[in-house]
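Let me begin by presenting the structure, written as structure tokens, before commenting on it.
Readers should treat all values here as calculations from the given coordinates under stated rules, not as data from a laboratory. Small disclaimer: the values here were computed from a predicted structure and weren't measured. We place every Cβ from the backbone using ideal geometry, glycine too, and count neighbours over all the protein chains shown.
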Amino acid sequence: MTEPQASSGHHAPAGASYATRLARNRLGLWLFVVSDAFVFVGLFIARMVLLGPNRPELLQGLGLAVTAMLLVSSFFMNRAEVEMAHGNRPAFLRNIMVTLVLGTIFLVGVVGVEWQLAPFGPSDGAEGAVFYSMTGFHAFHVFTGLILLFVVWNNGRRGLYTAEQHWGVEAAAIYWHFIDVVWMFFYVGLYLMGTPA
Amino acid sequence: MQNKPVAPVSSPHKYELRTGVWVMLLLAVLTFGEFIVGVIAPPWGGALLLVAAFKAFFVVKDYMHIGRLFSTEEEKH
């Protein structure tokens, strides 16, 4: 996720300005986000059809705790992006590291704790299928998001971003917030909607 | 120990940081509200989804800056 040099864009016509390529990058990323969102919508619809007015028997406190971790990580990701946009590299590095730590806690909370404590397995009927496919697909996105954040943190440490040119940071932030938005709905669908089965 | 010069925080910078804090507070309050409703009145699933959509709106607008997608001005970044 290094910054493209103004004179060597591979896909932009020669002489395309940084702003032009930035606009194309944004459009491309948002198209990806929307297409990826369709998969999550499909999983949510599967939950509504298969579980109806019931919900899996899960630990409410743990669900709230991991949700809080992800929400707060989004806050720090936003701070990291704002700090980079204003050229404050130390604050950017600090905030993105906090985001990384909180995202890792979320991942461990879901995969390492909730999956182990859930009273059903992936093959235990609709409940298991819905819960593990929804959380599994989301956790995979969190995992790839963490890799992306680490790459961006490392690039930032090496001084590859500036206040004027930091598309990599913006892209990582959009992807991370998207993961957060998806969880807002999954949290309701898995932990809060309906009566425990 | 070398003292690094501290750059003054500009107004747009302050505004963006403050917006981030307000959105975070809003998300915290609404999520806790969802939790309470989900525990006390689970059948209110539709209302909980509306609250989730409300939260998502603010994240998409203020954290993901969807407005930049439609911006015609030559921004930095």
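What the table shows:
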| read-out | value |
| --- | --- |
| Residues of the range A:162-197 that turn out to be in a helix (DSSP H, G or I) and either more than 7 Å from chain B (Cβ to nearest Cβ) or within 15 Å of the chain's Cα centre (by Cα) (or both), as a count | 22 |
| Hits in the range A:82-105 (condition: farther than 12 Å from A:Thr162 by Cβ and touching a Phe, Trp or Tyr at 6+ places or on another chain (Cβ under 6 Å)) | A:Glu83, A:Asn95, A:Ile96, A:Val98, A:Thr99 |
| Those residues of the range A:49-58 which are surrounded by 15 or more Cβ atoms within 10 Å (Cβ to Cβ) and not basic (Lys, Arg), in sequence order | A:Leu51, A:Asn54, A:Pro56, A:Leu58 |
| Boolean, A:Leu100 is surrounded by 15 or more Cβ atoms within 10 Å (Cβ to Cβ) and without any contact (Cβ under 8 Å) to a residue 60 or more places away in the chain | yes |
| Residues (assigned to a loop (DSSP other than H, G, I, E, B) and more than 7 Å from every other protein chain (Cβ to nearest Cβ)) located in the range B:11-42 | B:Ala41 |
| Looking only at the range A:75-90, and only at residues there that are surrounded by 23 or more Cβ atoms within 10 Å (Cβ to Cβ) and in contact (Cβ under 8 Å) with a residue 40 or more places away in the chain, the one that is farthest from B:Ala52 (Cα to Cα) | A:Met84 |
| Among (1) touching a Leu at 6+ places or on another chain (Cβ under 6 Å); (2) more than 10 Å from every other protein chain (Cβ to nearest Cβ) - the single one A:Leu71 does not satisfy | (2) |
| Only one of A:Val66, A:Val101, A:Val72 that is under 18 Å from the mean Cα position of the chain (by Cα), over 22 Å from B:Ala56 (Cβ atoms), part of a helix (DSSP H, G or I) and not acidic (Asp, Glu) | A:Val101 |
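This table checks each residue for (1) within 30 Å of A:Tyr18 (Cβ to Cβ); (2) touching a residue at least 60 places away in the same chain (Cβ under 8 Å); (3) in contact with a helix residue (DSSP H, G or I) (Cβ under 8 Å, 6 or more places away or on another chain).
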site	(1), (2), (3)
A:Val110	no, no, yes
A:Leu117	no, no, yes
A:Met134	no, yes, yes
A:Ala139	no, no, yes
A:Asn154	yes, no, no
A:His177	yes, yes, yes
A:Val181	yes, no, yes
A:Leu190	no, yes, yes
